[in-house]
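A.B. asks: Here's a structure for you.
The values are calculated or read from the model by the stated rules, or taken from the named source; none is laboratory data. In this text, all values refer to a predicted model and were calculated from it rather than measured experimentally. Neighbour counts run over all protein chains shown; Cβ positions are idealised from the backbone, glycine included.
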Amino acid sequence: MTETPFSTRLRQASAADWDAAISHRFVRELSAGTVPQAVMRHYLVQDYQFIDRFVALLGAAIATADSYAARLRLAQFLAMIVSDENTYFVRAFDALGIPAAERAAPVLDPTVRAFQALMGEAAESRSYAGALSVLVVAEWLYLSWAERHQGPLPPDFVHAEWITLHDNPFFRDVVGWLRGELDRTGATLNAAGQARCESLFQRAVALERGFFDSLYAVAGEPGGTGTVSAV
Ligand SMILES: Cc1ncc(C[n+]2csc(CCO)c2C)c(N)n1
């Protein structure tokens, strides 16, 4: 009998927040192309600040990785984010008429600030497995909701490309590889090290859900769940 992989165990321990996030109103509306424009604007402005720290965390993973092969793989992924993904944000900001100040330095939502602090904590742990614990959540959870999309893509590229950026063969490959790295490195840790990874992973999942929840509260939309679960 093979043992349950570390990444699978971590996800199982966070199942309630995980399932709430991947079936959230925001991702359902994104699939249908019906996210209210105020919500989409707010999401993208806040998420751009998330991506900034995410790139820094990926840098920390590159610095702490235990092989050149892993550094190469992470660097190739980083190259995609700062090219294709960054370009998507710039084109979406142009289409939505987002002013320069909001692109560069918006007032941050509490959930995004908490996420930035968590990414800082993972980066400063100087532990490859610690960095992977947060990176894997941010990637795998996005792949999981994007893969649930069925039928034709919504007509607006702001919606459609946010789905296809997270549901394509390159990205699926990256997520599989990152999970494998977390499984491999997690298996070598003692109980305290594994518990630190689980704590980072669990808080990241709660913040993913909390960020989706907060979009509807902040943008003044009716029907937000009001359960910002980890701020
Ligand atoms: C709050 C939040 N969590 C996760 C992601 C997903 N994500 C961030 S960077 C990146 C790499 C390539 O797309 C991915 C998938 C996000 N955008 N915002």
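A.B. asks: For the range 101-130, how many residues meet the condition of being part of a helix (DSSP H, G or I), in contact (Cβ under 8 Å) with a residue 60 or more places away in the chain and under 19 Å from L215 (Cα atoms)?
C.D. replies: 6
A.B. asks: Among the listed residues A63, A79, A75, A100, which satisfies the condition of being in contact with a Leu (Cβ under 9 Å, 6 or more places away or on another chain), more than 30 Å from D19 (Cβ to Cβ) and surrounded by fewer than 18 Cβ atoms within 10 Å (Cβ to Cβ)?
C.D. replies: After applying the criteria, what remains is A75.
A.B. asks: In the range 10-35, how many are surrounded by 15 or more Cβ atoms within 10 Å (Cβ to Cβ) and in contact (Cβ under 8 Å) with a residue 60 or more places away in the chain?
C.D. replies: 16
A.B. asks: Same structure, new question: Return the residues of the range 146-163 that are closer than 27 Å to L74 by Cβ and touching a His at 6+ places or on another chain (Cβ under 9 Å); say none if nothing qualifies.
C.D. replies: Those that are closer than 27 Å to L74 by Cβ and touching a His at 6+ places or on another chain (Cβ under 9 Å): A146, E147, I163.
A.B. asks: Still on this structure, please answer the following. From the list D173, D156, which residue is more than 13 Å from the chain's Cα centre (by Cα) and within 14 Å of the ligand (Cβ to nearest atom)?
C.D. replies: Details: D156 fails: within 14 Å of the ligand (Cβ to nearest atom).
Just one listed residue meets the conditions, D173.
A.B. asks: Pairs please, first residue from the range 52-80 and in contact (Cβ under 8 Å) with a residue 24 or more places away in the chain, second anywhere and among the charged types (D, E, K, R), Cβ atoms under 7 Å, 6+ apart in sequence or on different chains.
C.D. replies: That search, which allows pairs on different chains as well, returns T64/R126; A65/R71; A70/E181.
A.B. asks: Pairs please, first residue from the range 156-185 and farther than 23 Å from D47 by Cβ, second anywhere and among the hydroxyl-bearing types (S, T, Y) and not in a helix (DSSP H, G or I), Cβ atoms under 9 Å, 6+ apart in sequence or on different chains.
C.D. replies: Pairs found: T185/S127.
A.B. asks: Looking only at the range 87-100, which residues are free of Cβ contacts under 8 Å to residues at least 24 places away in the same chain and either under 22 Å from the mean Cα position of the chain (by Cα) or not in a helix (DSSP H, G or I) (or both)? Please lay out each step first, then the result.
C.D. replies: Just the residues of the range 87-100 that are free of Cβ contacts under 8 Å to residues at least 24 places away in the same chain, to begin with: 87, 90, 94, 97, 99-100.
If the condition is that a residue be free of Cβ contacts under 8 Å to residues at least 24 places away in the same chain and either under 22 Å from the mean Cα position of the chain (by Cα) or not in a helix (DSSP H, G or I) (or both), then T87, V90, G97, P99 are the ones that fit.
A.B. asks: Only one of V107, V137, V90 is near the ligand (Cβ under 10 Å from one of its atoms) and either modelled with pLDDT of 95 or more or surrounded by fewer than 16 Cβ atoms within 10 Å (Cβ to Cβ) (or both). Can you tell me which?
C.D. replies: Numbers: V107 fails: near the ligand (Cβ under 10 Å from one of its atoms); V90 fails: near the ligand (Cβ under 10 Å from one of its atoms).
One residue alone meets the criteria, V137.
A.B. asks: Moving on. Among (1) under 26 Å from E181 (Cβ atoms); (2) touching a Gly at 6+ places or on another chain (Cβ under 6 Å), where does T111 come up short?
C.D. replies: Here T111 meets the rest and fails (1).
A.B. asks: Just the residues that are outside any helix (DSSP H, G or I) and closer than 21 Å to E198 by Cα, please, taken from the range 1-34.
C.D. replies: T2, E3, T4, P5, S14
A.B. asks: Another question, then. For the range 131-161, how many residues meet the condition of being in a helix (DSSP H, G or I) and over 30 Å from C197 (Cα atoms)?
C.D. replies: Adding up the residues that qualify gives 5.
A.B. asks: Has the range 64-80 got any residue that is small (G, A, S), under 24 Å from R179 (Cα atoms), within 12 Å of the ligand (Cβ to nearest atom) and within 17 Å of the chain's Cα centre (by Cα)?
C.D. replies: Checking the range 64-80: at least one residue is small (G, A, S), under 24 Å from R179 (Cα atoms), within 12 Å of the ligand (Cβ to nearest atom) and within 17 Å of the chain's Cα centre (by Cα).
A.B. asks: Something else: All but one of (1) free of Cβ contacts under 8 Å to residues at least 40 places away in the same chain; (2) of a type in the set (A, V, I, L, M); (3) within 13 Å of the ligand (Cβ to nearest atom) hold for A195; which doesn't?
C.D. replies: Checking A195 against (1) free of Cβ contacts under 8 Å to residues at least 40 places away in the same chain; (2) of a type in the set (A, V, I, L, M); (3) within 13 Å of the ligand (Cβ to nearest atom), the one that fails is (3).
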